[in-house]
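Here's the structure, in structure tokens; my notes come after.
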Amino acid sequence: MDLTYTPEQQAFRAEVRAWLEAHVPSEPLEHFDATREGFEAHREWEKTLKSGDWGMVTWPKEYGGRGLDLIQWLIFEEEYYRAGAPGRVNQNGIFLLGPTLMEFGTHEQKARFLPKMASGEEIWAQAWSEPMAGSDLAGVRSTAVLDGDEYVLNGHKIWSSRAVFADWAFGLFRAPGSERHHGMSLIFFPLDAPGVTVNAIKKINGHVGFAEIFLEDVRVPAFNRLGDEGQGWHICMATAGFERGLMLRSPARYQVAAAKLAGLWQEYKDAVDPALEADVVRAHMNAEAYALNIYQTASRLMAGAKIGPEASTNKIFWSELDIHLTQTALSILGTKAELMHDAPDAYHATDWIDDYIFALAGPIYAGSNEIQRNIIAERMLGLPRK
Amino acid sequence: MDFTLNDEQRMFAETAQTLFADTCTPDHWRKQMETGDARDDARWQAIVETGFTLLLLPEEAGGLGLTELDFALIAERAGYVALPEPLAESAGVAAPMLAVLAPDHEALADPSTTIAIQHPSAPYVADADLAGAILLYKDGEAYVATPDQVALTRESSIDPFRRLFRIDWDPANVTSLGKADWDLAFDRAALFCAAQGLGLAQRAVDMAVAYAQERQQFGKAISTYQAVKHHLASAQVAIEFARPVVMAAAADVARQDVQSRARVSHAKLVALEAADKAARASIQVHGAMGYSWEVDVHLFLKRALALTQAWGTPAFHRSRIATRIFTQPIGPDQTFARENENA
């Protein structure tokens, strides 16, 4: 155990910091879920990132990455959030599908999809959930039928984040007549393919952050199937591991938020309930604990371990800490808590109300926290499924 | 940057786990509660022979010269069996302190001798009557005494294995050791409380997991009910996010700066919160059985309760974290920062 950065790691941090200082937009971009303009501005930012070769630093060079290790990834993320750089509009691609493709894709599939993912040229949405398949994902009914060297896709997907403006989706489909966890395949389809209809769904913050997708005889090459036919469930679970594990939510995100909260507290503490300091301290502790847990996981993965069911503990922890942290900020802001950022009297340093509303989704997406607790009880603690 | 334990550390921890599993079973607890003995001699002998009492002592004092991280792994396993003997205070805190202040003290000559330690944050001292030496705090200075040089008053604890004593003493009757590094002693003590907390927490969860699979209600094992599963899953989450904090605190405690102190405090808070949460979840899952003296879960609840308040109250430890937050840079690049780097 050695909790110091090597000179190389320090040099890497300095390199990331210098590049970000020179390139991060001085004005925040409009949110990528708010409008097409905001989305495209984020796509431009992804291209700028790629121009510095920062698209996805852990991927091999031949697939658009830098071939760096997970500690360097964490350092990159720390600097990224520290710099206040724009959110990653392609997070479903680079953080979820990317690692899955790396594990299950053929060389040809990786070469086709990963570089354009890393550069933001193709932005991805996830198309798993259906009206009757939410927490019970094995209830998926959308179908894929092989016809020559093409699949014909039919069905109805919903709650697909970013699908309103994204270019591609990775969907879960089943062979007609198959049941539950069997017969499913993970298949990619362009969101502008003939037969695809995307209807925006507004989130509680008013953003068109997710969508429902109707597929009617959508034809895609069999090349777009990841892994073997029928292997879809297995691949989805691996993706979910990345999602809940160390990729989707960097500790740095919460460490920056906790530091901002500490600043907010310093500003308001003479005017508000002194008992709130304990929550400010708690928010910092939670962010630090999450960071230490992730450093531990990264070290273990680098030593050859694989992500297991403990990823479910991460998802519970970051989603709950985020709500606690943002709610503490609202408590400090008091009567200003409800004011939107364009209100004349709003607290302008950070949009705490937006962050809080966003945090409320945390216990629901990426597998509800109830499902995560089942996974922990059944796969970590060994309690029976039924 | 490497957050993994080395092979030697893993081996040491496994040795401790096996030793405690063999010598500190529920039967041992029950027997010791019946007899009222302070110590299980065979178990203590095994602990001494394995070298755990020498672990933190410097090699020149006949010790193993290992680190707080190594000892924390042992303390974690001691927590897992609610070890009755004061191994953590004696070998983890008092002996290394005495070895610095009085390396030739006779209490250090025999590795089976325990050394007790009293501090304003831990005024009730376990097994002080049996100690070969008692370290005493006054105004930042250390004094050493034998039990017959001080007045011991037995204070009964809710924890049946904590044989506590209040110590009243007169500096004129004991030996002065001069200025001492009480900050380091305090941090080690708090750290090893935290490490024990991890063990207490995991044992409470494990006991409930085992019980829930046996106990049938409504025609099936209660372990199949989500309400039961979720209690235990939440406790396990608390453990998973306490353990890395304890490990990081152990790795850095010797640095003795604002950051290392805050991390020890963080470790103590969350590890003992995890222990409390796990013990209470475990009692709930055990139902009325869990509230009975016959089922052992209460031992873990009680030890967690005691260690939560000893060596710094939660409020004190929160204040040290607040000091770190409000006097030092914070943020994602500061997770492993040091005070001297910000000077």
Calculate the tail of P(r) for chain B: the fraction of all Cα-Cα distances greater than 27 Å, expressed in %.
45 percent
GNM, chain A, Cα, under 10 Å: largest mean-square fluctuation among A:Gly105, A:Gly139, A:Gly304?
A:Gly304
Rounded to whole Å and sorted largest first, what semi-axes of the equivalent ellipsoid does the C-alpha gyration tensor of segment B:193-255 yield via the square root of 5 times each eigenvalue?
32, 10, 5
Lysine pairs meeting the criterion (Cα under 20 Å, 8 or more apart or interchain), as found in chain A
14
Output needed: percent of Cα pairs per 10 Å distance bin for segment B:223-343, bins running from 0 to the one holding the longest distance.
13, 35, 28, 16, 7, 1
Qualifying chymotrypsin sites (Phe, Trp or Tyr not before Pro) in segment B:169-221, DSSP loop, other Cβ atoms within 10 Å at most 13
B:Phe218
Output the Cα-based Rg and Dmax of the protein assembly as shown in Å, rounding Rg to one decimal and Dmax to a whole number.
28.3, 98
What is the Cα centroid distance between segment A:223-259 and segment A:285-301, reported in whole angstrom?
17 Å
Of all trypsin sites (Lys or Arg not before Pro) in segment A:148-184, the ones in DSSP coil with at most 13 other Cβ atoms within 10 Å are A:Arg180
Residue span A:Glu267 to A:Leu301: 0.36 nm per residue of separation minus Cα-Cα distance leaves a gain in nm of 8.2 nm
The residues A:Ile235, A:Ile364, B:Ile115, sorted from fewest to most surrounding Cβ atoms within 10 Å, come out as A:Ile364, A:Ile235, B:Ile115
Let me know the volume per residue of the alpha-carbon convex hull for segment A:10-155, in Å³.
147 Å³
In nm, spacing of pseudo-spin labels at A:Gln9 and B:Asp104 (7 Å Cα→C-beta vector):
4.5 nm
Pull out the extension gain between A:Glu370 and A:Ile357, defined as 0.36 nm times the separation in residues minus the alpha carbon to alpha carbon distance; nm, one decimal.
2.7 nm
Is there a simple number for the mean count of other chain Cβ atoms within 10 Å of the Cβ of residues in A:295-307, and what is it?
3
Take B:Gln226, project a point 7 Å from its Cα along the Cβ direction, then tell me which residues of segment A:126-169 have their backbone nitrogen under 13 Å from it.
A:134-137
Rounded to 0.05, the calculated FRET efficiency for the beta carbons of B:Phe218 and B:Thr25 at R₀ = 35 Å is 0.60
Partner chain Cβ atoms within 10 Å, averaged over the residues of A:79-89 - can you pull that number for me?
1
Can you give me the P(r) profile for segment A:213-368? Cα pairs, bins 5 angstrom wide beginning at 0, each as a whole percent.
1, 8, 15, 16, 14, 12, 10, 8, 7, 5, 3, 1, 0
Points 7 angstrom from Cα along the Cβ direction at A:Asp149 and A:Arg36: gap in nanometres?
3.5 nm
How about segment B:235-343: which chymotrypsin sites (Phe, Trp or Tyr not before Pro) there lie in a loop by DSSP and see at most 16 other Cβ atoms within 10 Å?
B:Trp293
Average partner coverage of A:253-259, which counts Cβ from other chains inside 10 Å:
3
For A:Ala278 and B:Thr15, what is the calculated FRET efficiency with R₀ set at 56 Å and r taken between the beta-carbons, to the nearest 0.05?
0.90
A:Asp136-B:Thr175 pseudo-label distance in nm [points 7 Å out on the Cα-to-Cβ vector]:
7.4 nm
Could you pull the Cα extents of segment B:113-246 along its three principal axes, largest to smallest, in whole Å?
69, 30, 22
√(5λ) per eigenvalue of the Cα gyration tensor, segment A:153-293, largest first, Å
42, 19, 12
Given a cut-off of 15 Å, what percent of all Cα-Cα pairs of segment A:186-265 lie beyond it?
75 percent
So what are the radius of gyration and Dmax for the Cα set of chain A, in Å?
21.2, 72
Sequence gap at least 6, Cα distance under 8 Å: using those rules, report the relative contact order of chain B to the nearest whole percent.
15 percent
Of B:Ala235, B:Ala278, B:Ala78, the one that fluctuates the most in a GNM where chain B has Cα springs shorter than 10 Å:
B:Ala235
I want to verify the translational diffusion coefficient of segment A:28-114 in µm²/s; compute it with Stokes-Einstein, Rh as the Kirkwood radius over Cα pairs, at 25 °C and 0.890 mPa s.
178 µm²/s
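Could you work out the relative contact order of chain A, using alpha carbon pairs under 8 angstrom and six or more residues apart, expressed as a whole percent? Let's see the in-between values first.
On the way: 640 pairs, mean separation 49.3, N = 386.
This gives 13 percent for chain A.
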Using the alpha carbon gyration tensor of segment B:1-154, what are the three equivalent-ellipsoid semi-axes (square root of 5 times each eigenvalue), largest first, in whole Å?
25, 21, 14
Select from B:Asp139, B:Asp206, B:Asp104 the residue whose mean-square fluctuation is largest in a Gaussian network model of chain B (Cα-Cα springs shorter than 10 Å).
B:Asp139
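Bear in mind that the values in this text are calculations on the coordinates, not laboratory data. On a predicted model such as this, the values are computed, not experimentally measured, just so you know. Note that we place each Cβ from the backbone using ideal geometry, even for glycine, and neighbour counts take in every protein chain shown.
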